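Visitor: Can you keep this structure in mind? I'll have questions shortly.
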Amino acid sequence: MTTILAIESSCDDTSAAVLRDDRLLSNVIASQKVHEQYGGVVPELASRAHQQNIIPVVDAAIRQAGIEKTDIDAVGFTRGPGLLGSLLVGVSFAKSFATALGKPLVEVNHLQAHVLSHFIRVDSGECVVDSTRGQVLPTTHYPLPSFPFICLLVSGGHTQILLLKDYFDIECLGTTIDDAAGEAIDKAAKIMDLGYPGGPVIDRLAKEGNADAFKFATPHIEGYNYSFSGIKTSFLYFLRDRLKEEPDFIEQHKADLCASIQKTIVSFLLKKVERAALDHKVRQVAIAGGVSANSYLRSELQRICQKHHWQAFIPPFQFCTDNAAMVGIAAYFKYIKGDFADISLPPYTR
Ligand code: KG4
Ligand code: ZN
């Protein structure tokens, strides 16, 4: 049995988790509220908040897991990509902690961690819907994806269609050529003055709106690649024109606007995922990353998978946005391969 302490600090969430093999014992996340008033993450403030949060968060993760520090076999940490000042806090802490304990370090790529979150076992708490059987199951009873499978990784910083042939044999089939999907959603929310991060607010308001009320064009991009900057601009220009005629247009049509822009983005995302799965004859499709918390994306993926008799893998909410549990599962798979990190390794931002 292997006990891993994992640390995530790549952006604006300070998180620590403890796993025993692939089972999650604790997952503590301190989200930084300080960025809300600025409408986006301020890197300097993020690294300062990580400094304040890291010790209490790690302490809480160890206590909640019911283990002693001496039980830890390895320390896993996000090495990149992310904000340098944020990464430095987690990386330095992990190195010091592992050195003090005399235990090995395991470096983890943040994007791989998001995708591998599908392999975390949870004994209690959240349940997931088994799309093939229409049942709600605790995650311990939920079938894990088997290779090969396709994963749409959608977050505030990344939008990629990945083909997983093994835990660390991952082919990127397509990526965004400009903004990430989450970034586009957050910018649409900002235009409507809905606060930051706008994704969860758009998701909530969209439930009351008509998704066909307004149409926004999606670009024609080669292969499995995406582009989101045009959608954002067409949304901005659409509102600018309407506001000239009707100054309270946003207030009057908020739910319809949210539902329509959400449908535009989700349909664009899933059209290419469906194509990729058909082309590669893959019958299992997963989503990961912060935007995978979106309820419309989750239900649409299930609908498409049911249509094709594919299996959909939808992560529990706690593993969608940034968290250390996903870093822990990636570190566990590297630990059993004996893939350890040297203490001199610096973080990387891209
Ligand atoms: O993975 P994540 O926590 O951080 C990055 O690595 O970027 O993703 C954050 C992104 C933000 O853009 C946020 O608005 C979006 O995920 N997000 C959502 C939802 N929850 C978070 N977008 C749409 N619907 C949601 N329910
Ligand atoms: Zn992330």
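The values are calculated or read from the model by the stated rules, or taken from the named source; none is laboratory data. Note that the structure is predicted; figures quoted are calculated from it, not measured. Virtual Cβ from ideal backbone geometry, glycine too; neighbours counted across all protein chains shown. For accessibility, only protein heavy atoms count, side chains too; no ligands or nucleic acids. Shrake-Rupley method; radii C 1.70, N 1.55, O 1.52, S 1.80 Å.
Visitor: May I ask you to list the GluC sites (Glu not before Pro) in the stretch 44-125 that are in a DSSP loop and have at most 15 other Cβ atoms within 10 Å of their Cβ?
Guide: Those satisfying the criteria are 68.
Visitor: Take each of the peptides 224-235, 325-336, average the number of other beta-carbon atoms within 10 Å over its residues, and list them starting from the highest.
Guide: The packing order, highest mean first, is 325-336, 224-235.
Visitor: In whole percent, how big is the carbon plus sulfur part of the accessible area of the chain, probe 1.4 Å, protein atoms only?
Guide: Answer for the chain is 51 percent, counting heavy atoms of protein chains only.
Visitor: Also, I was wondering about something else. Which ³J(HN,Hα) values, rounded to whole Hz and listed in residue order, are derived for the stretch 78-85 from phi using the Karplus coefficients 6.51, -1.76 and 1.60 in 6.51 cos²θ - 1.76 cosθ + 1.60 with θ = phi - 60°, glycine and proline given as x?
Guide: 6, 8, x, x, x, 7, 4, x
Visitor: Can you give the % of DSSP beta bridges in the chain that are antiparallel, to the nearest 5?
Guide: Taking every DSSP beta bridge with both residues in the chain, the antiparallel ones total about 65 percent.
Visitor: Taking H placed 1.01 Å from N in the peptide plane, check which residues at least 5 places from residue 174 or on another chain put their amide H under 5 Å from its amide H.
Guide: 161
Visitor: While we're looking at this one, here's another question. Pick from 64, 37, 318 the residue whose mean-square fluctuation is largest in a GNM of the chain, springs joining Cα atoms under 10 Å.
Guide: Of 64, 37, 318, the Gaussian network model singles out 37 as fluctuating most.
Visitor: Another one. Please check: in the Gaussian network model of the chain (C-alpha springs, under 10 Å), which one of 272, 187, 281 has the largest mean-square fluctuation.
Guide: Maximum fluctuation in the GNM of the chain, among the listed residues, is at 281.
Visitor: Please figure out what share of the DSSP beta bridges in the stretch 1-130 is antiparallel and state it in percent, rounded to the nearest 5.
Guide: Percentage antiparallel, nearest 5: 60.
Visitor: With +1 assigned to the C-beta of every Lys and Arg and -1 to the C-beta of every Asp and Glu, and no other charges, what is the dipole magnitude of the chain about the Cα centre in debye, to the nearest 20?
Guide: Dipole size: approximately 480 debye.
Visitor: Looking only at 29, 177, 150, which one moves most when the chain is put into a Gaussian network model with springs between Cα atoms under 10 Å?
Guide: Looking only at 29, 177, 150, the biggest GNM fluctuation is shown by 177.
Visitor: Describe numerically, in nm with one decimal, the distance between label points set 7 Å from Cα along Cα→Cβ at residue 229 and at residue 2.
Guide: 4.2
Visitor: Oh, and also: If you filter the stretch 186-253 for GluC sites (Glu not before Pro), then keep DSSP loop positions with at most 12 other Cβ within 10 Å, what is left?
Guide: Passing sites in the stretch 186-253 are 208, 222.
Visitor: Also: What FRET efficiency do you get for residue 208 and residue 177 if R0 is 30 Å and r is their Cβ-Cβ distance, rounded to the nearest 0.05?
Guide: For R0 = 30 Å, the calculated efficiency reads 0.35.
Visitor: Right, something else. Determine, from the Cβ-Cβ distance of residue 73 and residue 295 and an R0 of 45 Å, the FRET efficiency 1/(1 + (r/R0)^6), rounded to the nearest 0.05.
Guide: Working from the Cβ atoms, E equals 0.75.
Visitor: Same structure again: Can you flag which of 69/165; 272/307; 307/334; 165/307 are past 26 Å Cα-Cα?
Guide: 69/165; 307/334
Visitor: Between the stretch 257-302 and the stretch 6-20, how many Å separate their Cα centres?
Guide: The two parts, judged by their Cα centres, are 26 Å apart.
Visitor: For 321, 78, give the ranking by accessible area with the largest first, probe 1.4 Å.
Guide: Listed by decreasing accessible area, they come as 321, 78.
Visitor: Continuing with the same structure: Taking the Cα-to-Cβ direction at residue 242 and at residue 349 and moving 7 Å from each Cα, how far apart do the two end points lie in nm?
Guide: 3.7
Visitor: Do the sum for the chain: with -39,500 (n - 2.57) for every DSSP H run of n ≥ 4, divided by all residues, what is the mean residue ellipticity at 222 nm, to the nearest 500 deg cm²/dmol?
Guide: Counting only the DSSP helices, I get -13500 deg cm²/dmol.
Visitor: Continuing with this model, one more query. Just going by the charge dipole of the chain, with Lys and Arg at +1 and Asp and Glu at -1 on Cβ, which of 343, 143, 292 is farthest out on the positive end?
Guide: 143
Visitor: Quote the charge dipole size of the stretch 134-248 about the Cα centre in Debye, to the nearest 20; the model charges only the Cβ of Lys and Arg (+1) and of Asp and Glu (-1).
Guide: In total the dipole reaches around 140 debye.
Visitor: Compute the separation of the alpha-carbon centres of the stretch 146-176 and the stretch 34-54 and state it in Å as a whole number.
Guide: Taking the Cα centre of the stretch 34-54 as reference, the centre of the stretch 146-176 is 29 Å away.
Visitor: Now a separate question. Write down the accessible area per residue of the chain in Å², having rolled a 1.4 Å probe over the full set of protein chains.
Guide: 43
Visitor: Another question, then. Return the Cα extents of the chain along principal axes one, two and three, sorted largest first, each rounded to a whole Å.
Guide: 67, 45, 35
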